[in-house]
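S.K.: Supplied in structure tokens, the structure appears directly below.
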Amino acid sequence: MISEAMRQFIENTPLVYVASADAKGHPHVAAGKHLTVSDGTLLVFENWFCPVTLHNIARNAHVAVVVAAPGAKNGYQLIGRVVKPHDDPRLPGENAGPVPLEAPPALTRFVVRVEEIMEFSTGIHFDIPINPGYPLPERLG
């Protein structure tokens, strides 16, 4: 569950990063803004313009989101799954190739259900969830 203090931090941070991967596991990181929290467990991305991210999340729902104030040495890493990949009817279906980079997508929204929240830090860190009730990642458990 995303606390009220964390929600305010997330919604007031001007820039966030989303890591996604395609069906073969090739990673991609994109920056965005306009992130809001809904129902304490959902991250809502409005006006997302990166066609590679949109291509990836249509095929692989797993994402990591980093929220850290510009220049800060720490913040939050939120791990989750996309539950609503897009609302742009121009985007391809499951069997289509990637969206052409020269064709800018329309305003697009996607929603991520948060499964784990960890501290994000440039220093020593252990990637242990800080949100009560969520299990340890398999790699640490």
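Derivation of every value follows stated rules applied to the coordinates shown; laboratory data play no part. A quick note: this is a predicted structure, and the numbers were derived from the prediction, not measured. For neighbour counting, all protein chains shown are included, and Cβ atoms are generated from backbone atoms with ideal geometry for every residue, glycine included.
S.K.: Packing-wise, with mean Cβ within 10 Å as the measure, how do 52-59, 3-10 rank, highest first?
M.R.: On the way: 52-59: 21.9, 3-10: 13.8.
Sorting 52-59, 3-10 by mean packing, highest first, produces 52-59, 3-10.
S.K.: Checking the cross-link filter: which lysines have an alpha carbon closer than 20 Å to that of LYS84, excluding same-chain neighbours under 8 positions apart?
M.R.: LYS33
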